[in-house]
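Worksheet: the structure to be examined is printed underneath.
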Amino acid sequence: KAAGPETAAVSLAAGSGIGTAASPLSTAIAGFSATNSTTGGLFVADVSALVVQAGGVVMKGADGPMVIRALNGSLTVDGAITAEEGALASGNLLLRAADGAGATAGDVVINQPIKLGKGHLTLYAEDDVTVGRLVQVAGGSRTIEAIAENGGITMATTGRFNTNSTNNGNQLLRAYGD
């Protein structure tokens, strides 16, 4: 999508997925919230910075990975992300922020909880990852990854990773910068 004025916020709702892996929903918005009720995943690629707003992302139903990307700026989670119900709880989640051409900070900032039932979770930032709330995957043998390509990883006193250790979960933290 060509760069232009951003829309302040949108609320997305679907029964059978929002975008696809091959064709993500391309946006120029400041923020969004989303609900998917039956099947399919959530694939959003924004041309600039992006905020998951109050109302968050709620995935229900069956068969749904989530990929949320900010292509030129930070990705901030200010609304909870949950995929804990039904078969959809097995979908993976990728949150990715890139610097892009404008050299804007490509940080991933978690200000509200993220809870997945069985999927793997990756936080990938070209710059910094900041975790201020619970990030959890509950299923057995699942992984939480936090990768800061050119920066650091910061955990607030209210932030933590939980991979449900009784189910052999893994955590991988990589900071290549600071």
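Could you check the range 1-82 for strands (runs of 3 or more DSSP E) lying wholly inside it with 1 or more residues that are open to solvent by 40 Å² or more (accessible area, probe 1.4 Å)?
Per the criteria, 7-14, 25-27, 29-36, 50-59, 66-70.
Conditions (1) under 13 Å from the mean Cα position of the chain (by Cα); (2) open to solvent by less than 30 Å² (accessible area, probe 1.4 Å); (3) at pLDDT below 95; (4) small (G, A, S), marked per residue:
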position: G102; (1), (2), (3), (4): no, no, yes, yes
position: Q136; (1), (2), (3), (4): yes, no, yes, no
position: A146; (1), (2), (3), (4): yes, yes, no, yes
position: I153; (1), (2), (3), (4): no, no, no, no
position: N164; (1), (2), (3), (4): no, no, yes, no
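For the subset of the range 1-22 comprising residues that are among the aliphatic types (A, V, I, L, M) and more than 19 Å from G55 (Cα to Cα), which member is modelled with the highest pLDDT?
Step by step, filter the range 1-22, then rank; the result is A22.
When the residues of the range 104-134 are filtered to those that are assigned to a loop (DSSP other than H, G, I, E, B) and among the small types (G, A, S), which remaining residue is most open to solvent (accessible area, probe 1.4 Å)? Give the derivation first.
Quick first cut of the range 104-134, residues assigned to a loop (DSSP other than H, G, I, E, B) only: 104-107, 111-113, 117-120, 126-128, 132-133.
Next, only the ones that are among the small types (G, A, S) stay: 105-106, 117, 119, 132.
Working: A105: 45, G106: 0, G117: 14, G119: 0, G132: 14 Å².
Among those residues, the one meeting the criterion is A105.
If we scan the range 130-138, do we find a residue that is closer than 20 Å to K60 by Cα, touching a Ser or Thr at 6+ places or on another chain (Cβ under 6 Å) and of a type outside the set (D, E, K, R)?
Yes: one or more hits.
The values are calculated or read from the model by the stated rules, or taken from the named source; none is laboratory data. The structure displayed is predicted, hence computed values, not measured ones. Cβ atoms come from the backbone with ideal geometry, glycine included; neighbour counts cover every protein chain shown. When the accessible area is computed, the model is the full protein with side chains, heavy atoms only, and any ligands, DNA or RNA have been set aside. Shrake-Rupley method; radii C 1.70, N 1.55, O 1.52, S 1.80 Å.
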